[in-house]
Amino acid sequence: MSVFRTAPLGAVCLLFVGALNAASNVDAVAPARLAPERTAPEAAPVGPLQNAIRSVWDTSADVQAARADLEAARARARAAAQPLYNPELSVDAENADVNRRTAGIGLTLDVSGKRRARSAQGDAQLRASEADYALLRREVAGRWLKAWFAASLTEKQNELARRRVELMQRFDDLAAQRLKVGDISSPERDLAGLALGDAHIQQATLAGNAASARAELLSISDRVEPPELPEGLPPRAASVTPRSPEMLPELVAAQARQDSAEAGVQVAQRARIPDPTVRLVGGQVRSGPVADRVIGVSVSIPLPVLNTGRAEVDAARADADAAAANLRARFLQLRAVQQQAQARYAALHDAAQAFRTGRAAAYEERTALLEKLWRAGEIGTSDYLLQLKQSLDAALSGIELENQIWQAWFDYLAAAGRLTEWIDGRHQDISP
């Protein structure tokens, strides 16, 4: 539809400014939707562990990639909040019986709220990306902490195995001397040699385990110096109050993806509504000696006949249903993981506490006593070797139990949503 009438040229500008204002009023989007104000966390005291974790985050390639993805999500959210349509400028000239010189400007009006729906979807996708970034940082920190303890404790096992080799070497030398003077028999001397060979084999195995643990630690970050291990055992499970699953980054991301899918339904529904285009044209028309100034107004609107967009709406609704089902499944999974991690950690903590308070942990004392009894002839060679092996196995099992309890502690902190607080030392019950 178009209308041309003679009018002052300034009216063209006034009418078009009115059209632009109308377009803004139809679908105004506040910039605050893109970046809602967030309260900055309180600064925690910086210690060796915090410095190490922050260095891990700074040097981790996975965190750097996730940070780039987050920046891309922020840019996409800003793009989604921008107006959908730009103005169109046209210039026409015609020489005929009537000479026409006109300039026009047009704008498609977002009357259905497409921009608002796109902005809501972009904001939900940004929240999902932020939750994914927080989750990845937590996973990287947890992996590094577990690798740090595993590398340190397997090195303790390796040192214990080297100590066993030294003991077996000394025992083998003493057995050879006592065989010469007839204090022991030849089979007992052979037992000493076999024990020394077995000690070398076990020490090589544990050295390989220690090397693997160090390699795992270096694969996460090779430029971070681990701090000293904390003394004692971590606190009991009852000292940690798990966060509600809704507060965990996994569920925050799932909720944001459901919100994005729901907003996608709105985007698809509003995309079915055609938007009109308003054009204003002004200029001069000359017919012979007569020249008139003219202004024209035209409105056009597409007809959704060949493609109604119904299939896109159905697909968006199916995506929203899938996101809602995934949210429910993630909630049940996270709640079960919390319960399982808590039960496992509690059992390991009780076992480790019992081991530390029992006689099984007194390895050096028992070793010295066994050698004294063997030298005095109060126990035979086979009994000495059997009890020494049992003592060593108990010591190695104690270190392995300590490793397992720290691994379970980190798993429980992650499942409870408290790992970052433990790292920063912001929770009095779970400070490192």
*Return the whole-Å distance between the Cα centroid of the range 65-94 and the Cα centroid of the range 164-201.*
80 Å
*Give me the number: length gained by fully extending Leu303 to Asn86, i.e. 0.36 nm times residue separation minus the C-alpha to C-alpha distance, one decimal in nm.*
76.0 nm
*asked:* With +1 assigned to the C-beta of every Lys and Arg and -1 to the C-beta of every Asp and Glu, and no other charges, what is the dipole magnitude of the chain about the Cα centre in debye, to the nearest 20?
replied: 1420 debye
*Under a GNM of the chain (C-alpha, springs under 10 Å), which listed residue has the highest mean-square fluctuation: Glu166, Glu139, Glu421?*
Glu166
_Choice from Ala65, Ala316, Ala147 with maximal GNM fluctuation in the chain (Cα, 10 Å cutoff)_ = Ala65
_Max mean-square fluctuation residue, GNM over the chain, Cα-Cα springs under 10 Å, options Asp183, Asp62, Asp259_ = Asp183
*Excluding residues on the same chain fewer than 8 positions from Lys146, give the lysines whose Cα lies under 28 Å from its Cα.*
Lys156
*Using +1 at the Cβ of each Lys and Arg and -1 at the Cβ of each Asp and Glu in the chain, identify which of Pro276, Gln390, Leu413 lies farthest towards the dipole's positive end.*
Pro276
*State the Cα centre-to-centre distance between the range 288-317 and the range 238-279 in whole Å.*
31 Å
*Would you give the gap between the C-alpha center of the range 382-406 and the C-alpha center of the range 104-159, rounded to a whole Å?*
44 Å
*Given charges of +1 on the Cβ of Lys and Arg and -1 on the Cβ of Asp and Glu, with all other atoms neutral, how large is the dipole of the range 116-274 about its Cα centre, in debye to the nearest 20?*
640 debye
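Could you list the GluC sites (Glu not before Pro) in the range 190-243 that lie in coil according to DSSP, counting only those with at most 11 other Cβ atoms within 10 Å of their Cβ?
Values: sites: Glu216, Glu228, Glu231; in loops: Glu228, Glu231.
Answer by residue number: Glu228, Glu231.
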*If we count every other residue with Cβ under 12 angstrom of Leu229's Cβ, Lys/Arg +1 and Asp/Glu -1, where does the sum land?*
-3
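The numbers here are math on the coordinates, done by the rules we state, and not lab data. Given the structure is predicted, the values throughout are model-derived calculations rather than measurements. Cβ sites come from the backbone with ideal geometry, for glycine too, and all protein chains shown count toward neighbours.
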